[in-house]
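Read the structure below first, then the notes.
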Amino acid sequence: MDLRHLRYFLCVAEELHFGRAALRLGISQPPLSQQIRALEVELGVQLFDRTSRRVRLTVAGKAFEPEARQTLLQADHAAATAQRAQRGESGHLALSFTPSGPFVSRIAGALYRFRQRYPQVEMTLCELGRDEQIEGVRDRRLDIGVVRDFGKPTLPAGMAAHCLLTEDMVLTLRADHPLAQQEADPGIADLANEPLVLYGAANGAGFNEHFFALCEKAGFVPRVALEAGSLATLLGLVAAGFGPTIIARSMARLHVDTLVNRSFDKPVTSSLWLIHNPDLSATAASFKQTVIAEEQ
């Protein structure tokens, strides 16, 4: 059944006049009458009683009208659904990020704007370390990952990486620690005799290796007192006096009364990278564009 026939039928049913309906539809009256007749033949029923003086719906026409209207509404809905999917305005997005991700205003802003603009997208969010994110994107369990690294991350062939920002790392320690109270900014060498609290292997992937290399360059092997699996645990252990830690400056927005953040005398920086497969879905492409738009 041609949807056009249904639109013609409903227009005539509303006007109860073939001339007015034809004018409204932008066609001449004879073709409209022919199309209505073709619909009646297809259905095997008479939809209108026609006389030279009036047009009215038959019993069959009255029964058919709400069904025809619902069919057109459903067809319009189906078309709009397909168009939204093609534009990336619906569907599912599996997104992961490093523990510091939500503290970066650009990431938080992009998430907010994306949810406001595309409320019909179902989002799955998870916090993962760098290597787990790379594996998840590679295996297509994740659409997009946001990882932290000190250079462009090493990725499987074909996977893309877009640098979102580069920021300083800071030394986080108790306010009563000697390095917190000294006037000069601390250096990596000042940590030679300090017990340190760092992320464990999963969340510390990339950073720990780079930090250990900086320590080796400064002439010592760092002493790791404890490892933490989350930011809250990391800062809690520092506040409890187990030793300083190093975090991205964006994470320093999480205020803890007993802790202070000190810049290093020589900047130590890291970068956030958005990683994905080359064949992004329309929904994932929309999110990537939302994040990139935060640069502007």
_Residue list for region 8-36, restricted to those being surrounded by fewer than 14 Cβ atoms within 10 Å (Cβ to Cβ) and closer than 16 Å to residue 65 by Cα_ = 14, 16
_Taking the conditions exactly as written (assigned to a helix (DSSP H, G or I) and either within 17 Å of residue 280 (Cβ to Cβ) or not assigned by TED's automatic domain parsing to the domain that holds residue 7 (or both)), does residue 115 satisfy them or not?_
yes
*Starting from region 27-47, keep only residues that are without any contact (Cβ under 8 Å) to a residue 12 or more places away in the chain, then list their pairs with residues that are surrounded by 13 or more Cβ atoms within 10 Å (Cβ to Cβ) and among the polar types (S, T, N, Q) whose Cβ atoms are within a distance under 6 Å, requiring at least 6 positions of separation or different chains.*
40/46
*Can you name every residue in region 121-136 that is among the small types (Gly, Ala, Ser) and not in a loop (DSSP other than H, G, I, E, B)?*
136
*Select from region 231-276 the residues that are in contact with a Gly (Cβ under 7 Å, 6 or more places away or on another chain) and surrounded by fewer than 21 Cβ atoms within 10 Å (Cβ to Cβ) and list them in ascending order.*
264, 265, 266
*Qualifying residue in region 188-204 (condition: in a strand (DSSP E or B) and either touching a His at 6+ places or on another chain (Cβ under 9 Å) or surrounded by fewer than 18 Cβ atoms within 10 Å (Cβ to Cβ) (or both))*: yes
_Just to be sure I understand, how many residues within region 202-221 are among the aliphatic types (A, V, I, L, M) and either free of Cβ contacts under 8 Å to residues at least 12 places away in the same chain or farther than 30 Å from residue 126 by Cβ (or both)?_
3
_Kindly evaluate residue 148 against the criterion of being among the basic types (Lys, Arg), within 27 Å of residue 258 (Cβ to Cβ) and either in contact (Cβ under 8 Å) with a residue 60 or more places away in the chain or not assigned by TED's automatic domain parsing to the domain that holds residue 279 (or both)._
yes
*Picking from 250, 281, 263, which residue would you name as being under 24 Å from the mean Cα position of the chain (by Cα) and within 20 Å of residue 167 (Cα to Cα)?*
250
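The values are calculated or read from the model by the stated rules, or taken from the named source; none is laboratory data. In this text the structure is predicted, and so the values were computed from the model without any measurement. Glycine also receives a Cβ, built like all others from the backbone with ideal geometry; neighbour counts cover every protein chain displayed.
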